[in-house]
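The values are calculated or read from the model by the stated rules, or taken from the named source; none is laboratory data. Please read these numbers as outputs of a predicted model, since none were measured by experiment. FYI the Cβ positions are ideal-geometry reconstructions off the backbone, even for glycines, and counts take in every protein chain you see.
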Amino acid sequence: MERSEEALPDSAGLVLPSSTITANSSANSRGPPQWPTIDGPLGLSEEDSIEYARRFFKFGFLFLPWLWALNCFYFWPVLRHSPSFPHIRPYVVRSAIGFTVFTALLGSWALTFAIGGERLFSHVWDELLMYNFADKYGLTGWI
């Protein structure tokens, strides 16, 4: 017994398999993004995006590397699709590299103190601890 697609009424609300296949194939064949920001048409124009990406990248050097992360997040379509928006992409890629390097350095610094501790720093460890600072300078007497 063969199925006939004509036997189903249009008002039944059922999706036919042939229409599902065409919808999926057209969704997968999208071209590069039309907007450089994640908020699409509500976001910035391409000209404004270049200026914002440049500012986020430069201000990230002022010990604000979270701006590099924000740059990567906000301009995710630019970072994901390499041929799109060639004027914005260098700033976003450099921000991604800068944030990755900063995160690696901060993580290694934190792990050095957390794991190494007194074994690694021996007698210098007492000088590095902040809670000994108040005792050393007599700042605990007022409590």
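Screening VAL101 with (1) within 15 Å of the chain's Cα centre (by Cα); (2) under 20 Å from ILE38 (Cβ atoms) gives one miss only, at (2).
A quick yes/no check of all residues on (1) under 30 Å from SER45 (Cα atoms); (2) surrounded by fewer than 11 Cβ atoms within 10 Å (Cβ to Cβ); (3) β-branched (Val, Ile, Thr):
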site	(1), (2), (3)
PHE75	yes, no, no
LEU79	yes, no, no
PHE85	yes, no, no
PRO90	yes, no, no
PHE102	yes, no, no
GLY107	no, yes, no
LEU120	no, no, no
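Note on the range 54-143: enclosed helices (runs of 4 or more DSSP H) holding 1 or more residues that are modelled with pLDDT of 85 or more and at negative phi are 66-74, 76-80, 89-111. Does GLY60 meet the test of being loosely packed, with under 13 Cβ neighbours inside 10 Å and without any contact (Cβ under 8 Å) to a residue 60 or more places away in the chain? For GLY60, the condition - loosely packed, with under 13 Cβ neighbours inside 10 Å and without any contact (Cβ under 8 Å) to a residue 60 or more places away in the chain - is not met. Taking every residue in the range 26-52 that is closer than 16 Å to ARG80 by Cα and aliphatic (A, V, I, L, M) and pairing it with any residue that is assigned to a helix (DSSP H, G or I) and modelled with pLDDT of 85 or more, at least 6 positions away or on another chain, the pairs with Cβ-Cβ distances below 8 Å are ILE38/PHE73; ILE38/TYR74; ILE38/TRP76; ILE38/PRO77.
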